[in-house]
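Any read-out appearing in this document is the output of simple, stated calculations on the displayed coordinates, not a laboratory observation. Keep in mind it's a predicted model, so treat the numbers as computed, not measured. Cβ sites come from the backbone with ideal geometry, for glycine too, and all protein chains shown count toward neighbours.
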């Protein structure tokens, strides 16, 4: 909470704090401000053997623990920018 207090002190009395559970809750205008020039987008490649229904169920379904494990197992970051 120290980081929050420091940010509020720096930004002043009329600071607005917003919390999103996921990207689906962000409006297009908010999303534009949320992403930066350094965003990295990776394509999802679909071939004959790939089921679109399975992909959508995995990435957008109610399988939160599976998706969380997938993100953790496949997380990549640039050490120079960390």
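Remarks
- Helical mean residue ellipticity (222 nm; -39500 (n - 2.57) per DSSP H run of 4+; nearest 500) of the chain: -13000 deg cm²/dmol
- When the chain is treated as a GNM with alpha-carbon contacts under 10 Å, the residue of 16, 49, 66 showing the greatest mean-square fluctuation is 16.
- Most mobile of 50, 64, 18 in a GNM of the chain (Cα contacts under 10 Å): 18
- Relative to the current alpha-carbon distance between residue 21 and residue 69, full extension at 0.36 nm per residue lengthens the span by 15.6 nm.
- Gaussian network model of the chain, Cα within-10 Å springs - most flexible of 15, 44, 52: 15
- Computed on the Cα trace of the chain, the radius of gyration divided by the Kirkwood hydrodynamic radius gives Rg/Rh = 1.05.
- FRET efficiency, residue 30 to residue 5 (Cβ-Cβ, R0 30 Å, nearest 0.05): 0.80
- Chain lengthening between residue 58 and residue 14 when straightened (0.36 nm per residue, less Cα-Cα): 11.9 nm
- Nearest 10 degrees, 0 to 90: helix 2-11 Cα axis against the chain principal axis: 60 degrees
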